[in-house]
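Take a look at the structure below.
The values are calculated or read from the model by the stated rules, or taken from the named source; none is laboratory data. Being a predicted model, the structure only gives us computed values, none of them experimental. Reconstructed Cβ throughout: ideal geometry from the backbone, glycine too, with neighbour counts over all protein chains shown. Surface accessibility is based on the protein's heavy atoms, side chains included, excluding ligands, DNA and RNA. Shrake-Rupley method; radii C 1.70, N 1.55, O 1.52, S 1.80 Å.
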Amino acid sequence: MYSIPHHFKALSQIKEILEKKSNTLNNTFKKEDDEEAKQSEYAVITLFALATKHALDNLSLRQLLEDQQLSQVIIDELVRTYEEHRQDFVLRQLNLGHYLPNITDVQWRIMADVKSSTSSQSSGEVGFHINLGCYHPHSGDRESIVEFVCNTEEIHLLINKLKDVERQCEKLAKE
């Protein structure tokens, strides 16, 4: 089963819009239906853009749509359209500049919950504020790409996963 990225929480909204308009989509739009037609079109475009961005295959897309309990007719049409135009969607996103970020810099700081004169309680937990970014080659300005906070256990897990990546790269380099 494919896990749903946080972007796909919008599927419930897409579902509502598509269900409201499923009958109207097969009919000629009237002037008062124009706004709802635009919402339907936007919902479908958003679905295809997110599916392309996350490199979903047809089965994963179908599963996500079935999880939202859309009608089978709508699911079949959406999956068929996605399958027919998937290459075009990928090429279009590449032309629009949707690419993986090139992270070249890490900034971090330790945050601690300590007792103060105004608070007699402290959790004693240490947190890490991590900022991943890159420097622009021409201007030298730093751009922040990802920023997050994690606790000690989470930072250890992240470091171990990065070490696994490093080991895999070294292994591939030796082959």
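Which residue is farthest from residue 113 (Cα to Cα), if the candidates are limited to region 129-175 and must be assigned to a strand (DSSP E or B) and of a type in the set (S, T, N, Q)? Only one residue tops the list, namely 144.
The lone criterion from (1) at pLDDT below 90; (2) open to solvent by 70 Å² or more (accessible area, probe 1.4 Å); (3) not assigned by the TED database to the domain that holds residue 61 left unmet by residue 144 is number (2).
If you go through region 86-107 one residue at a time, do you hit one that is part of a strand (DSSP E or B), at pLDDT 90 or above and surrounded by 11 or more Cβ atoms within 10 Å (Cβ to Cβ)? Yes, because at least one residue in region 86-107 is part of a strand (DSSP E or B), at pLDDT 90 or above and surrounded by 11 or more Cβ atoms within 10 Å (Cβ to Cβ).
Of all residues in region 147-175, those that are surrounded by 11 or more Cβ atoms within 10 Å (Cβ to Cβ) have Cβ atoms under 9 Å from Cβ atoms of residues that are polar (S, T, N, Q), 6 or more apart or on another chain, in 147/131; 148/131.
Considering only residues that are loosely packed, with under 13 Cβ neighbours inside 10 Å, modelled with pLDDT of 85 or more and more than 22 Å from residue 93 (Cβ to Cβ), which ones fall in region 33-80? Scanning region 33-80 gives 66, 69, 72, 73.
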